[in-house]
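Structure, as structure tokens:
The values are calculated or read from the model by the stated rules, or taken from the named source; none is laboratory data. These numbers come from a predicted model, not from an experiment. When we count neighbours, we look across all protein chains shown, and the Cβ atoms used for this are built from the backbone with ideal geometry, even at glycine.
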Amino acid sequence: MGPTNLLQSARYFVEEEDDGSLVRRCRDGDLKAFDRLVIRYQKPVYNAALRMLRNPEDARDVAQTVFLKVFEHLEQYDPNLKFYSWIYRIALNESVNALGRLRPHEAISGNEIDQTPGLERQLDSEQTRHAIEQALMRIQPEQRSVVVLRHFLHLSYEEMGAILELPEKTVKSRLYTARQLLRDLLLQDGVC
Amino acid sequence: MNEPVPLELIHAEIDGELEAHQRAELARALLTDPDARALREGLRRVCTALDGLEAVEPPPQLHSSILAALPASVRPALAQRAAWWSAPAGGWRYAALVAGLLVTGALLYRVGMGRGPDANELAGTMSGSGARTPVVVDSVTVDFGQVNGQVSLQRSAAGLALDLQLNASAPVEVLVAGDGQSLRVRGPRTSVALPGFGAGAQTLDLTFVMAGREIGSARLKIPAER
């Protein structure tokens, strides 16, 4: 077992306390509980922001802001909502806000389309990854949000609806549209 | 006139939410409609590509930067714990953790097997004679219900060591953290060397864990060496 595995094992070992309990402890002023929440959620929050923004530095800034907002607004957290729904909602909102602050050339980084004719490309998994990441940045943020929730955070439509405060039917419709747009974009680029 | 492409069925199939009668309906549509087949194939590729994008590890400094950004009034309480959790991969903290676990494992093995030199002699940390005789520099009595007893911090010429003398109905582990170093010690009764501890730390934070749940914590002071 390597050192990384050892540490992951140690983390798992102490991370079994459920979110609700950690939140209650946080509210009682137990900062170790907040620390646990950071450890537990920093990776999905960072990845959600990264998929929304594509830029690692922006994603890191958003992730930091998300946890600060969680800390500051913990008293307002509604325990009827799952904690992860709450923090993912904040993460998506902060990502969309960050997109609004980016300068135009940064916000459209997904338009750096490879102009190599499709038939001449030898697509491998790396190129496909690059192409799908680019295509993601070319759809609307609200469409990208549902893709992030479904395909990267692996949430159900019910959970997505709770996060986005939308009916499941609307969530499905939005995701279907996003997938089809991605497919069209990849087709245009000769990838799909 | 062609039937419209059954988009909802294609997406439901991709999501694994297709019911039996819908499956038959989709199969019929795919059989007769090449556009539906092409669309289905394209969407499946998109979703496979999306699902294939792996999650990346956040920057190692993210955790510490989050804690550092908290209001100044709450930061000190988290400082030591942050050092324990935010250690970058491959850094010296990992090395200390592994070293500590190896020493722990060696001690437990020797004690458990009941042969070879006394566990105290293994790391040169515990009992002996003359200058090697350990001195208790701090101790704490704990009582967390399921676990009670005493934890002592000892110092000898070989360095610091932790002595657990706990009574527990089930295995208990103690996470030891101080000055960026960390170590996991399995109880309830054992003695382990604390290699690398004590150089900069003034305290050791102990977190007691049983069956995966934190049951309590304690702190030991490390007095300056004379």
| query | When residue A:64 is evaluated against the numbered criteria (1) at pLDDT 95 or above; (2) under 11 Å from the mean Cα position of the chain (by Cα), which criterion, by number, is the only one it fails? | reply | (2)
| Do we have any residue at all in segment B:64-71 that's at the interface with chain A (Cβ under 9 Å from one of its Cβ atoms) and under 23 Å from residue A:129 (Cβ atoms)? | no
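Examine segment A:107-123 for a residue that is in a helix (DSSP H, G or I), at pLDDT 90 or above and within 14 Å of chain B (Cβ to nearest Cβ), and state whether such a residue exists.
Looking only at segment A:107-123, we keep the residues that are in a helix (DSSP H, G or I), and these are A:107, A:109-111, A:118-120.
Cutting the leftovers down to at pLDDT 90 or above gives us none.
The answer is no; no qualifying residue exists.
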| task | State all residues of segment B:43-91 that are more than 17 Å from residue A:72 (Cβ to Cβ), part of a loop (DSSP other than H, G, I, E, B) and at pLDDT 60 or above; if no residue qualifies, say none. | result | B:53, B:54, B:55, B:56, B:57, B:58, B:59, B:60, B:61
| query | Tell me, which residue of segment B:188-215 that is within 14 Å of another protein chain (Cβ to nearest Cβ) and buried (at least 18 other Cβ atoms within 10 Å of the Cβ) is farthest from residue A:33 (Cα to Cα)? | reply | B:210
| said: Anything in segment B:1-34 that is within 13 Å of another protein chain (Cβ to nearest Cβ) and either surrounded by fewer than 18 Cβ atoms within 10 Å (Cβ to Cβ) or in contact (Cβ under 8 Å) with a residue 24 or more places away in the chain (or both)? List them, or say none. | reply: B:5, B:6, B:7, B:8, B:10, B:11, B:13, B:14, B:15, B:16, B:17
| Matching residues, segment A:23-82, being within 14 Å of residue B:62 (Cα to Cα) and in contact (Cβ under 8 Å) with a residue 40 or more places away in the chain | A:37, A:41, A:44, A:45, A:47, A:49, A:58
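Inside segment A:154-173, can you point out the residues that are part of a helix (DSSP H, G or I), more than 27 Å from residue A:42 (Cβ to Cβ) and not polar (S, T, N, Q)? Give the steps one after another, and end with the answer.
Our first condition is that a residue be part of a helix (DSSP H, G or I); within segment A:154-173, this holds for A:157-164, A:168-173.
Add one more test, that the residue is more than 27 Å from residue A:42 (Cβ to Cβ), and what stays is A:168-170, A:172-173.
A:168, A:169, A:172 - these are the residues of segment A:154-173 that are part of a helix (DSSP H, G or I), more than 27 Å from residue A:42 (Cβ to Cβ) and not polar (S, T, N, Q).
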| Is there a residue being at the interface with chain B (Cβ under 9 Å from one of its Cβ atoms), loosely packed, with under 14 Cβ neighbours inside 10 Å and modelled with pLDDT under 95 anywhere in segment A:33-52? | no
| field | Conditions (1) under 16 Å from residue B:51 (Cα atoms); (2) at pLDDT below 95; (3) assigned to a helix (DSSP H, G or I): number failed by residue A:192 | value | (3)
| task | Can you run down the residue pairs with Cβ atoms below 7 Å, 6 or more apart or on separate chains, where the first is in segment A:151-172 and within 11 Å of chain B (Cβ to nearest Cβ) and the partner is assigned to a helix (DSSP H, G or I) and among the aliphatic types (A, V, I, L, M)? | result | A:151/B:50; A:152/A:48; A:153/A:48; A:157/A:171
| Test set (1) touching a Lys or Arg at 6+ places or on another chain (Cβ under 8 Å); (2) part of a helix (DSSP H, G or I) - residue A:151 fails condition number | (1)
| request: Find the residue count for segment B:156-173, including only residues that are modelled with pLDDT of 85 or more and buried (at least 17 other Cβ atoms within 10 Å of the Cβ). | output: 4
| task | Could you tell me whether any residue of segment B:36-57 is in contact with a Phe, Trp or Tyr (Cβ under 8 Å, 6 or more places away or on another chain) and of a type outside the set (A, V, I, L, M)? | result | no
